[in-house]
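This report concerns only the one structure given below.
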Amino acid sequence: AAEAPADDFLRFPPDFLWGTATSAYQIEGAVAEDGRTPSIWDTFSHTPGKVNRGDTGDLAVDHYHRWREDVALMKDLGLSAYRFSVAWPRVQPTGRGPAVERGLDFYRALVDELLAAGITPLATLYHWDLPQHLETPSTGGSAAGGGWTVRETAERFGEYASLVAGALGDRVRHWTTLNEPWCSAFLGYGSGVHAPGRTDPGEALKAAHHLNLAHGRGVAALRAALPGTAQLSVSLNLHQVRPLTDSPEDQEAVRRIDAVGNRIFLSPVLRGRYDADLLQDTAHLVDWEQLVRPGDLAAIGAPIDQLGLNYYSPAVVSGSGASRDDCHGRSDHSPWPGAEHVAFHQPPGELTAMNWSIDPTGLRDLLDRIHLERPGLPVVITENGMACEDYVTPEGVVNDRERIAFVHQHLTAVHRAIEAGVPVAGYFLWSLLDNFEWAYGYAKRFGMVHVDFPTQRRTPKASAHWYGRACRTGAVPRSLS
Ligand code: PNW
């Protein structure tokens, strides 16, 4: 029986999805098992100097072997949903051809275990682990290579999507095509702080279009393979951008970042078009006429059922001046093609261990914006969370009170948005477990469950107990005592 919330609690809709999120490369390990071949992240993490302390996902948190224990943890905490990603190189080691059944079996078993535990699965098809063969084909292969800078990769993704849908479509209802294509395109091919570590603004823009096209091909493949009840989405890390001052120069900086950070994905996905100002800002970097072929925008703009929103922190920008850390990692190359001159400033608010400012109003503003642009489109918050230092009490409890406060503030913002009429369908805390935090390696802990990396021992932090209670009751306290 559900625990009854008291009156001083904010109640969420009864069908609200309460979950946590993870991704394959960040947790699975087992990188050479059951036919899996390297992804661009294996190559990148094994390249000296790319990841903090030389950390790799070789073992990660060994989820490939400990998945039963991890699902049991979620069940014990009372979570109602779980967002995971499928590793493309487990399913198609060369990025093409028939599926490796042993690779798919892992996800079949995972999903069955989730369903048996009463947990709704949300499958993400692509969370950054492109088969290395599609980036640089081994000699003798017929593939063109080039990763997301080539159109062929989008076609390959469509084929991969049908294979996964064929295997899991009878048991997974919620699907996300891509996770944060902005990061894949602009951190992967622009600033180079993510795999494959290339630094060419024109190639990064091509990657963005091909990722959009991959989303479109993915949606078509999923629609063809899945029942009409399937819920299809894409997860975008939208940037909440504010001007440093109200000068025209700073407002122009906001427009530029909004164009290449948000509307480059939102406009084609929601409205089947690229905005004229984006094309103009970047015309010197890429030939859009040649890049975007007839039919592309119609494919990308095919209807979706939900929009996935990943939110961590807002940004403050100005049209000139020196940038502080813009939260996107250190690089001599900009991840903002056509907006390289824009300077980033430290927004107000406390900082997380990532040096990202804490500001739930950014989440509220993004929810309101989506609602304004596409009234009625359900939004799922597919990621929100923070990295913080673990404070261990003498009793051995990981007391991450900062994380509880963070989640509480953001859930409160979500609740207000729902009251104002924004259809928010769920919230997925990033992350279930401490894990491989990309270029930061294992140094940054986002989990609500602590992982002792040498022993792989899992211990729920205070936030896990707090969040579990919210899930079980469908409510959070109005204030934290
Ligand atoms: C997201 N940035 O990554 C990812 O979806 C997760 O895999 C990741 O662990 C999580 O957020 C925490 O970082 C991001 O530079 C990586 O703005 C970098 C940025 C944003 C999101």
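Here are some notes:
- Kirkwood hydrodynamic radius (C-alpha pairs) into Stokes-Einstein, the chain, 10 °C and 1.306 mPa s, D in µm²/s: 71 µm²/s
- Quarter of Cα convex hull surface for region 208-283, i.e. mean projection, nm²: 6.1 nm²
- Computed over region 106-194: relative contact order in percent, which uses C-alpha pairs under 8 Å that are six or more apart: 37 percent
- If you sort T22, T56 by accessible surface, 1.4 Å probe, largest first, the order is T56, T22.
- Cα gyration tensor shape for region 158-206, rounded if a/c is under 1.5, else prolate or oblate: prolate
- Rounded to the nearest 5, the antiparallel percentage of DSSP beta bridges internal to the chain is 25%.
- Each Lys or Arg adds one and each Asp or Glu takes one away; over the other residues whose Cβ falls under 14 Å from the Cβ of E159, this sums to +2.
- DSSP loop GluC sites (Glu not before Pro) with at most 16 other Cβ within 10 Å: longest gap in the chain: 34-339
- Note, ³J(HN,Hα) from phi for region 444-457, Karplus 6.51, -1.76, 1.60, rounded to Hz, x at Gly and Pro: 10, 9, 9, x, 8, 10, 6, 10, 7, 4, x, 9, 6, 6
- Most positive-pole-ward Cα, A405, S463, H415, against dipole of region 390-481 from beta carbon charges: H415
- Taking a ≥ b ≥ c as the square roots of the eigenvalues of the Cα gyration tensor, region 271-326 is classed as oblate, since a/c reaches at least 1.5 and a/b does not exceed b/c.
- Between region 105-184 and region 304-332, the alpha-carbon center distance in angstrom: 26 Å
- Distance between the modelled labels on R401 and T229, one decimal in nanometres: 4.5 nm (7 Å Cα→Cβ projection).
- Sequence ranges 192-200, 447-455, ranked by mean other-Cβ count within 10 angstrom, highest first: 192-200, 447-455
- Mean projection of the Cα convex hull over all viewing directions, computed for region 347-481: 9.5 nm².
- Electrostatic tally near A353: other residues with Cβ closer than 13 Å to its Cβ, Lys and Arg +1, Asp and Glu -1, net -4.
- Gyration tensor (alpha-carbon) shape descriptor, region 191-347, a/c threshold 1.5: prolate
- Whole-number accessible area per residue in Å² for the chain, which is evaluated in the context of all protein chains at 1.4 Å: 37 Å²
- Counted charge near F44, where neighbours are those whose Cβ lies closer than 11 Å (Asp, Glu -1; Lys, Arg +1): -1
- Förster radius 35 Å - calculated FRET efficiency between T245 and S138 (Cβ-Cβ, nearest 0.05): 0.10
- If the convex hull is drawn through the Cα atoms of region 39-106, its volume per residue in Å³: 118 Å³
- For the chain, the mean residue ellipticity at 222 nm estimated from helices alone is -10500 deg cm²/dmol, where every DSSP H run of n ≥ 4 contributes -39500 (n - 2.57) and the total is divided by all residues, rounded to the nearest 500.
- Within region 377-481: Cβ-based charge dipole about Cα centre, in debye rounded to nearest 20 (Lys, Arg +1; Asp, Glu -1): 280 debye
The values are calculated or read from the model by the stated rules, or taken from the named source; none is laboratory data. Predicted model, so just to flag it, every value in this text is computed and none were measured. Neighbour counts run over all protein chains shown; Cβ positions are idealised from the backbone, glycine included. For the accessible areas, the whole protein counts, side chains as well, though only heavy atoms, and no ligand, DNA or RNA atoms are used. Shrake-Rupley method; radii C 1.70, N 1.55, O 1.52, S 1.80 Å.
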